[in-house]
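Beneath this line is the structure, given in C-alpha coordinates, with notes to follow.
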Amino acid sequence: MLNRSNVGIFFDKTKGQLDTLFKEFSDKEDSSKYVIRKGSSKIFSNDALAEIIERESLNVNKTQIITVANQKGGVGKTSTVISQARNLSDLGYKVLVIDTDAQANTTRTLIGEKGEASLYDIIEGTKRASDLICEVRDRLWLIPANSDCSRIDMLLTDPTFTYNPASLIVDMVDGLEMDFVLVDTSPSFSSVNIASIASSDRVICPVPLAEWEIDGVEQVSKVVSSINARLKTDIKLDFLITMFAKNETTAYEQISKIKEIDGNLLNTLIPNASAFRKAQKSGMLENRGLAYKETLRLTKEIVVNCVGN
Ligand SMILES: Nc1ncnc2c1ncn2[C@@H]1O[C@H](COP(=O)(O)OP(=O)(O)O)[C@@H](O)[C@H]1O
Ligand SMILES: [Mg+2]
(Lines give C-alpha, C1' and ligand atoms only; values in the text may rest on other atoms or scores of the structure.)
(Ligands and ions follow the chains in the order given, each with its own letter.)
Protein backbone atom coordinates (compact mmCIF):
# COMPACT_ATOMS: atom_id res chain seq x y z
CA MET A 1 0.00 0.00 0.00
CA LEU A 2 1.21 3.47 -0.80
CA ASN A 3 -0.41 6.85 -0.44
CA ARG A 4 -1.13 9.04 -3.43
CA SER A 5 1.84 11.39 -3.18
CA ASN A 6 4.30 8.50 -2.76
CA VAL A 7 2.75 6.74 -5.76
CA GLY A 8 3.47 9.99 -7.62
CA ILE A 9 7.14 9.90 -6.64
CA PHE A 10 7.67 6.24 -7.50
CA PHE A 11 5.77 6.12 -10.77
CA ASP A 12 6.74 9.66 -11.75
CA LYS A 13 3.15 10.93 -12.10
CA THR A 14 1.89 14.50 -12.04
CA LYS A 15 -0.94 15.56 -9.73
CA GLY A 16 -3.37 15.44 -12.64
CA GLN A 17 -2.27 11.94 -13.66
CA LEU A 18 -2.63 10.76 -10.05
CA ASP A 19 -6.16 12.15 -9.89
CA THR A 20 -7.07 10.31 -13.09
CA LEU A 21 -5.55 7.06 -11.77
CA PHE A 22 -7.29 7.34 -8.42
CA LYS A 23 -10.61 8.07 -10.13
CA GLU A 24 -10.17 5.09 -12.46
CA PHE A 25 -9.76 2.70 -9.51
CA SER A 26 -12.52 4.45 -7.50
CA ASP A 27 -14.94 3.95 -10.40
CA LYS A 28 -14.42 0.18 -10.44
CA GLU A 29 -17.29 -1.90 -9.11
CA ASP A 30 -15.06 -3.47 -6.46
CA SER A 31 -13.23 -0.20 -5.79
CA SER A 32 -12.55 -0.97 -2.11
CA LYS A 33 -10.13 -3.64 -3.30
CA TYR A 34 -8.06 -0.97 -5.03
CA VAL A 35 -8.32 2.33 -3.19
CA ILE A 36 -8.77 3.30 0.42
CA ARG A 37 -9.66 6.74 1.81
CA LYS A 38 -8.33 7.45 5.30
CA GLY A 39 -9.47 10.92 6.30
CA SER A 40 -8.04 13.24 3.67
CA SER A 41 -5.43 10.72 2.45
CA LYS A 42 -5.91 8.54 -0.57
CA ILE A 43 -4.23 5.16 -0.55
CA PHE A 44 -3.56 2.74 -3.41
CA SER A 45 -3.85 -0.89 -2.26
CA ASN A 46 -1.48 -3.68 -3.32
CA ASP A 47 -3.99 -4.74 -5.99
CA ALA A 48 -3.95 -1.24 -7.52
CA LEU A 49 -0.15 -1.07 -7.29
CA ALA A 50 0.17 -4.50 -8.91
CA GLU A 51 -1.90 -3.23 -11.81
CA ILE A 52 0.16 -0.06 -12.23
CA ILE A 53 3.42 -2.05 -11.94
CA GLU A 54 2.15 -4.34 -14.71
CA ARG A 55 1.21 -1.40 -16.97
CA GLU A 56 4.57 0.28 -16.41
CA SER A 57 6.38 -3.03 -17.07
CA LEU A 58 8.04 -2.94 -13.66
CA ASN A 59 7.53 -6.62 -12.84
CA VAL A 60 10.64 -8.61 -12.05
CA ASN A 61 10.82 -11.95 -13.83
CA LYS A 62 13.01 -13.79 -11.38
CA THR A 63 14.20 -13.31 -7.81
CA GLN A 64 16.65 -10.43 -7.71
CA ILE A 65 19.42 -10.97 -5.16
CA ILE A 66 21.08 -7.76 -4.03
CA THR A 67 23.95 -7.67 -1.54
CA VAL A 68 24.70 -4.39 0.19
CA ALA A 69 28.41 -4.36 0.90
CA ASN A 70 31.30 -2.13 1.86
CA GLN A 71 34.17 -3.32 4.04
CA LYS A 72 33.83 -0.12 6.06
CA GLY A 73 31.32 0.11 8.92
CA GLY A 74 28.94 3.00 9.47
CA VAL A 75 28.52 3.79 5.77
CA GLY A 76 24.76 3.15 5.59
CA LYS A 77 24.55 -0.54 4.61
CA THR A 78 21.96 -1.46 7.21
CA SER A 79 19.98 1.76 6.66
CA THR A 80 19.89 1.06 2.91
CA VAL A 81 18.68 -2.52 3.42
CA ILE A 82 15.97 -1.47 5.86
CA SER A 83 14.64 1.45 3.83
CA GLN A 84 14.67 -0.46 0.54
CA ALA A 85 13.07 -3.55 2.08
CA ARG A 86 10.27 -1.41 3.41
CA ASN A 87 9.75 0.55 0.20
CA LEU A 88 9.77 -2.53 -2.04
CA SER A 89 7.30 -4.33 0.22
CA ASP A 90 5.08 -1.21 0.36
CA LEU A 91 4.94 -1.39 -3.43
CA GLY A 92 3.73 -4.96 -3.23
CA TYR A 93 6.95 -6.78 -4.13
CA LYS A 94 7.77 -9.81 -1.98
CA VAL A 95 11.00 -9.10 -0.11
CA LEU A 96 13.33 -11.23 1.98
CA VAL A 97 16.08 -9.62 4.05
CA ILE A 98 19.01 -11.83 5.02
CA ASP A 99 21.09 -10.51 7.90
CA THR A 100 24.59 -12.00 7.78
CA ASP A 101 26.10 -9.61 10.32
CA ALA A 102 26.72 -11.03 13.81
CA GLN A 103 26.04 -7.55 15.18
CA ALA A 104 22.43 -8.20 14.09
CA ASN A 105 21.55 -4.49 13.69
CA THR A 106 19.13 -5.21 10.86
CA THR A 107 17.52 -8.04 12.78
CA ARG A 108 17.07 -5.90 15.88
CA THR A 109 15.63 -3.03 13.87
CA LEU A 110 13.17 -5.27 12.05
CA ILE A 111 12.04 -7.63 14.83
CA GLY A 112 13.25 -5.87 17.97
CA GLU A 113 15.61 -8.66 19.09
CA LYS A 114 18.34 -10.97 17.86
CA GLY A 115 17.24 -14.16 16.17
CA GLU A 116 17.00 -17.29 18.33
CA ALA A 117 18.19 -19.26 15.35
CA SER A 118 19.98 -17.58 12.48
CA LEU A 119 21.61 -17.81 9.09
CA TYR A 120 24.34 -19.84 10.82
CA ASP A 121 21.93 -22.73 11.36
CA ILE A 122 20.90 -22.69 7.69
CA ILE A 123 24.47 -22.75 6.44
CA GLU A 124 25.37 -25.46 8.98
CA GLY A 125 22.47 -27.46 7.55
CA THR A 126 20.48 -27.91 10.74
CA LYS A 127 17.63 -25.62 9.61
CA ARG A 128 16.05 -24.75 6.30
CA ALA A 129 15.40 -21.16 5.22
CA SER A 130 11.70 -21.90 4.92
CA ASP A 131 11.60 -22.99 8.61
CA LEU A 132 13.50 -20.00 9.82
CA ILE A 133 12.15 -16.99 7.93
CA CYS A 134 9.96 -14.73 9.99
CA GLU A 135 7.37 -12.31 8.70
CA VAL A 136 8.22 -8.74 9.65
CA ARG A 137 5.23 -7.06 8.02
CA ASP A 138 3.08 -7.55 4.94
CA ARG A 139 5.32 -8.87 2.13
CA LEU A 140 8.54 -8.52 4.12
CA TRP A 141 10.40 -11.47 5.65
CA LEU A 142 13.70 -11.84 7.49
CA ILE A 143 16.35 -14.49 7.96
CA PRO A 144 17.75 -13.20 11.23
CA ALA A 145 21.29 -12.95 12.52
CA ASN A 146 22.67 -13.56 15.99
CA SER A 147 26.16 -13.86 17.43
CA ASP A 148 26.53 -17.38 15.92
CA CYS A 149 26.95 -15.60 12.57
CA SER A 150 30.50 -14.69 13.62
CA ARG A 151 31.28 -18.41 13.17
CA ILE A 152 29.89 -18.76 9.65
CA ASP A 153 33.35 -18.16 8.25
CA MET A 154 34.74 -21.01 10.34
CA LEU A 155 32.18 -23.30 8.71
CA LEU A 156 32.85 -22.04 5.21
CA THR A 157 36.62 -22.36 5.51
CA ASP A 158 36.52 -25.83 7.07
CA PRO A 159 38.18 -28.19 4.56
CA THR A 160 35.43 -30.79 5.05
CA PHE A 161 32.70 -28.30 4.19
CA THR A 162 31.99 -27.99 0.51
CA TYR A 163 29.85 -25.31 -1.00
CA ASN A 164 29.57 -23.28 -4.14
CA PRO A 165 29.91 -19.57 -3.34
CA ALA A 166 28.02 -18.57 -6.48
CA SER A 167 24.94 -20.48 -5.38
CA LEU A 168 24.97 -20.15 -1.58
CA ILE A 169 22.18 -17.55 -1.42
CA VAL A 170 20.51 -18.69 -4.67
CA ASP A 171 19.98 -22.20 -3.25
CA MET A 172 18.90 -20.84 0.11
CA VAL A 173 16.05 -18.78 -1.35
CA ASP A 174 15.03 -21.29 -3.98
CA GLY A 175 11.32 -22.02 -3.73
CA LEU A 176 10.54 -19.00 -1.54
CA GLU A 177 9.24 -17.08 -4.57
CA MET A 178 10.59 -13.71 -3.51
CA ASP A 179 10.85 -10.75 -5.88
CA PHE A 180 13.82 -9.27 -4.03
CA VAL A 181 16.36 -10.70 -1.60
CA LEU A 182 18.39 -8.03 0.18
CA VAL A 183 21.51 -9.23 1.98
CA ASP A 184 23.01 -7.05 4.70
CA THR A 185 26.67 -7.72 5.40
CA SER A 186 29.30 -7.03 8.04
CA PRO A 187 32.10 -4.55 7.25
CA SER A 188 34.63 -7.04 5.89
CA PHE A 189 35.48 -9.28 2.96
CA SER A 190 34.71 -12.41 4.97
CA SER A 191 33.95 -15.67 3.14
CA VAL A 192 30.22 -15.29 3.76
CA ASN A 193 30.28 -11.76 2.33
CA ILE A 194 32.22 -12.92 -0.71
CA ALA A 195 29.76 -15.78 -1.20
CA SER A 196 26.82 -13.36 -0.86
CA ILE A 197 28.37 -11.12 -3.50
CA ALA A 198 29.14 -14.11 -5.72
CA SER A 199 25.53 -15.31 -5.60
CA SER A 200 24.02 -11.87 -6.22
CA ASP A 201 22.62 -10.22 -9.31
CA ARG A 202 23.75 -6.84 -8.03
CA VAL A 203 25.87 -5.33 -5.32
CA ILE A 204 25.07 -1.94 -3.86
CA CYS A 205 28.04 -0.26 -2.21
CA PRO A 206 27.01 2.69 -0.03
CA VAL A 207 29.58 5.49 0.01
CA PRO A 208 29.17 8.23 2.59
CA LEU A 209 30.68 11.45 1.35
CA ALA A 210 31.12 12.60 4.92
CA GLU A 211 33.86 10.03 5.56
CA TRP A 212 35.43 9.77 2.21
CA GLU A 213 37.72 6.84 1.51
CA ILE A 214 38.28 6.13 -2.14
CA ASP A 215 40.62 3.20 -1.44
CA GLY A 216 37.89 1.21 0.26
CA VAL A 217 35.48 1.79 -2.60
CA GLU A 218 38.11 0.70 -5.12
CA GLN A 219 38.55 -2.55 -3.17
CA VAL A 220 34.83 -3.35 -3.47
CA SER A 221 35.05 -2.75 -7.20
CA LYS A 222 38.10 -5.02 -7.48
CA VAL A 223 36.41 -7.78 -5.48
CA VAL A 224 33.35 -7.73 -7.77
CA SER A 225 35.52 -7.67 -10.91
CA SER A 226 37.67 -10.57 -9.74
CA ILE A 227 34.61 -12.67 -8.80
CA ASN A 228 33.13 -11.94 -12.23
CA ALA A 229 36.40 -12.94 -13.90
CA ARG A 230 36.93 -16.13 -11.88
CA LEU A 231 33.36 -17.40 -11.75
CA LYS A 232 32.30 -16.06 -15.18
CA THR A 233 29.41 -14.22 -13.54
CA ASP A 234 27.98 -10.85 -14.48
CA ILE A 235 27.38 -9.25 -11.11
CA LYS A 236 26.56 -5.55 -11.44
CA LEU A 237 28.05 -3.06 -9.00
CA ASP A 238 26.21 0.11 -8.06
CA PHE A 239 27.70 2.85 -5.91
CA LEU A 240 25.24 4.73 -3.76
CA ILE A 241 26.08 8.08 -2.25
CA THR A 242 24.79 8.23 1.33
CA MET A 243 24.92 10.96 3.97
CA PHE A 244 25.11 13.56 1.22
CA ALA A 245 25.31 17.21 2.30
CA LYS A 246 25.04 19.82 -0.45
CA ASN A 247 27.08 22.37 1.44
CA GLU A 248 30.09 20.10 1.61
CA THR A 249 32.42 21.89 -0.82
CA THR A 250 34.30 18.78 -1.94
CA ALA A 251 31.19 16.64 -2.50
CA TYR A 252 30.99 17.03 -6.28
CA GLU A 253 34.72 16.55 -6.69
CA GLN A 254 34.41 13.30 -4.72
CA ILE A 255 31.46 12.19 -6.82
CA SER A 256 33.48 12.69 -10.00
CA LYS A 257 36.21 10.45 -8.55
CA ILE A 258 33.72 7.66 -7.92
CA LYS A 259 32.64 7.90 -11.55
CA GLU A 260 36.18 6.87 -12.55
CA ILE A 261 35.96 3.58 -10.63
CA ASP A 262 34.59 0.45 -12.34
CA GLY A 263 30.89 0.28 -11.47
CA ASN A 264 27.74 2.33 -11.93
CA LEU A 265 27.00 5.41 -9.86
CA LEU A 266 23.32 5.55 -8.90
CA ASN A 267 21.68 8.93 -9.54
CA THR A 268 19.92 9.15 -6.19
CA LEU A 269 21.83 10.97 -3.47
CA ILE A 270 20.71 9.83 -0.01
CA PRO A 271 20.84 12.93 2.18
CA ASN A 272 22.46 13.19 5.58
CA ALA A 273 19.35 13.17 7.73
CA SER A 274 18.59 12.42 11.37
CA ALA A 275 15.53 10.45 10.21
CA PHE A 276 17.84 7.47 9.49
CA ARG A 277 19.14 7.40 13.07
CA LYS A 278 15.58 7.54 14.39
CA ALA A 279 14.54 4.78 12.00
CA GLN A 280 17.11 2.31 13.36
CA LYS A 281 15.61 2.72 16.83
CA SER A 282 11.95 2.79 15.86
CA GLY A 283 12.17 0.07 13.21
CA MET A 284 11.22 2.03 10.09
CA LEU A 285 11.79 5.34 8.37
CA GLU A 286 8.69 7.56 8.44
CA ASN A 287 6.94 7.47 5.08
CA ARG A 288 7.21 11.22 4.59
CA GLY A 289 9.96 13.82 4.47
CA LEU A 290 12.92 14.44 2.20
CA ALA A 291 14.97 11.42 3.39
CA TYR A 292 12.09 9.05 2.71
CA LYS A 293 11.40 10.56 -0.73
CA GLU A 294 14.99 10.02 -1.78
CA THR A 295 14.87 6.40 -0.59
CA LEU A 296 11.77 5.95 -2.76
CA ARG A 297 13.59 7.44 -5.76
CA LEU A 298 16.36 4.94 -5.06
CA THR A 299 13.80 2.12 -5.00
CA LYS A 300 12.67 3.20 -8.47
CA GLU A 301 16.25 3.14 -9.76
CA ILE A 302 16.83 -0.31 -8.28
CA VAL A 303 13.62 -1.71 -9.76
CA VAL A 304 14.32 -0.24 -13.20
CA ASN A 305 17.86 -1.66 -13.14
CA CYS A 306 16.56 -5.09 -12.11
CA VAL A 307 13.77 -5.12 -14.70
CA GLY A 308 16.41 -4.58 -17.37
CA ASN A 309 18.00 -7.89 -16.38
N1 LIG B 1 21.82 9.06 5.23
C2 LIG B 1 22.10 9.09 6.54
N3 LIG B 1 22.11 10.28 7.22
C4 LIG B 1 22.40 10.32 8.53
N5 LIG B 1 22.68 9.25 9.28
C6 LIG B 1 22.69 8.05 8.68
C7 LIG B 1 22.40 7.91 7.27
N8 LIG B 1 22.48 6.59 6.95
C9 LIG B 1 22.80 5.96 8.10
N10 LIG B 1 22.93 6.82 9.13
C11 LIG B 1 23.30 6.50 10.54
O12 LIG B 1 24.69 6.20 10.56
C13 LIG B 1 24.94 5.07 11.40
C14 LIG B 1 25.55 3.93 10.56
O15 LIG B 1 24.58 3.53 9.57
P16 LIG B 1 24.32 2.01 9.21
O17 LIG B 1 23.25 1.99 8.21
O18 LIG B 1 24.12 1.22 10.46
O19 LIG B 1 25.71 1.64 8.56
P20 LIG B 1 26.45 0.23 8.36
O21 LIG B 1 25.42 -0.83 8.29
O22 LIG B 1 27.21 0.39 7.08
O23 LIG B 1 27.37 0.06 9.53
C24 LIG B 1 23.61 4.71 12.02
O25 LIG B 1 23.51 5.33 13.26
C26 LIG B 1 22.60 5.27 11.04
O27 LIG B 1 21.38 5.58 11.68
MG1 LIG C 1 25.25 -2.61 9.40
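The values are calculated or read from the model by the stated rules, or taken from the named source; none is laboratory data. Just so it is clear, the model here is predicted, and its values are computed rather than measured. Reconstructed Cβ throughout: ideal geometry from the backbone, glycine too, with neighbour counts over all protein chains shown.
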Has the range 275-289 got any residue that is modelled with pLDDT under 95, more than 23 Å from Leu88 (Cα to Cα) and assigned by TED's automatic domain parsing to the domain that holds Leu140? no
Checked Ser32, Ser57 against criteria (among the hydroxyl-bearing types (Ser, Thr, Tyr), away from ligand 1 (no atom under 16 Å from the Cβ) and assigned to a helix (DSSP H, G or I)); the one match is Ser32
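For (1) small (Gly, Ala, Ser); (2) in the same structural domain as Ala195 (by TED's automatic domain parsing); (3) in contact with an Asp or Glu (Cβ under 9 Å, 6 or more places away or on another chain); (4) farther than 21 Å from Val95 by Cβ, each residue gets a yes or a no:
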residue: Gly125; (1), (2), (3), (4): yes, yes, no, yes
residue: Ile133; (1), (2), (3), (4): no, yes, no, no
residue: Asp138; (1), (2), (3), (4): no, yes, yes, no
residue: Leu142; (1), (2), (3), (4): no, yes, yes, no
residue: Leu156; (1), (2), (3), (4): no, yes, no, yes
residue: Asn164; (1), (2), (3), (4): no, yes, yes, yes
residue: Val170; (1), (2), (3), (4): no, yes, no, no
Yes or no: the range 242-264 includes at least one residue that is modelled with pLDDT under 95, exposed (fewer than 13 other Cβ atoms within 10 Å of the Cβ) and within 16 Å of ligand 2 (Cβ to nearest atom). no
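The rows are residues; the columns are (1) modelled with pLDDT under 95; (2) assigned to a helix (DSSP H, G or I).
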| site | (1), (2) |
| --- | --- |
| Gln17 | no, yes |
| Thr20 | no, yes |
| Asn61 | yes, no |
| Thr67 | no, no |
| Thr78 | no, yes |
| Ala85 | no, yes |
| Gly92 | no, no |
Selection within the range 62-96 - within 12 Å of ligand 2 (Cβ to nearest atom) and closer than 22 Å to Asp171 by Cα: Val68, Ala69, Val81
Considering the range 109-123 alone, what residues qualify as being free of Cβ contacts under 8 Å to residues at least 40 places away in the same chain, surrounded by 16 or more Cβ atoms within 10 Å (Cβ to Cβ) and not hydrophobic (A, V, I, L, M, F, W, C)? Lys114, Gly115, Ser118, Tyr120, Asp121
Leading residue by the ranking (farthest from ligand 2 (Cβ to nearest atom)) among those in the range 183-205 that are touching a strand residue (DSSP E or B) at 6+ places or on another chain (Cβ under 6 Å) and not hydroxyl-bearing (Ser, Thr, Tyr): Asp201
Of all helices (runs of 4 or more DSSP H) fully inside the range 171-278, the set with 2 or more residues that are within 28 Å of Ala102 (Cα to Cα) and within 15 Å of ligand 1 (Cβ to nearest atom) is 191-198, 214-231
Condition set within 13 Å of ligand 1 (Cβ to nearest atom) and buried (at least 24 other Cβ atoms within 10 Å of the Cβ), scope the range 85-103, selection nearest to the chain's Cα centre (by Cα): answer is Ala85
Only one of these conditions is not met by Thr126: (1) over 20 Å from the mean Cα position of the chain (by Cα); (2) surrounded by 22 or more Cβ atoms within 10 Å (Cβ to Cβ); (3) not small (Gly, Ala, Ser). Which number is it? (2)
Is there a residue being within 16 Å of ligand 1 (Cβ to nearest atom), touching a Leu at 6+ places or on another chain (Cβ under 8 Å) and either under 19 Å from Leu182 (Cα atoms) or charged (D, E, K, R) (or both) anywhere in the range 123-139? no
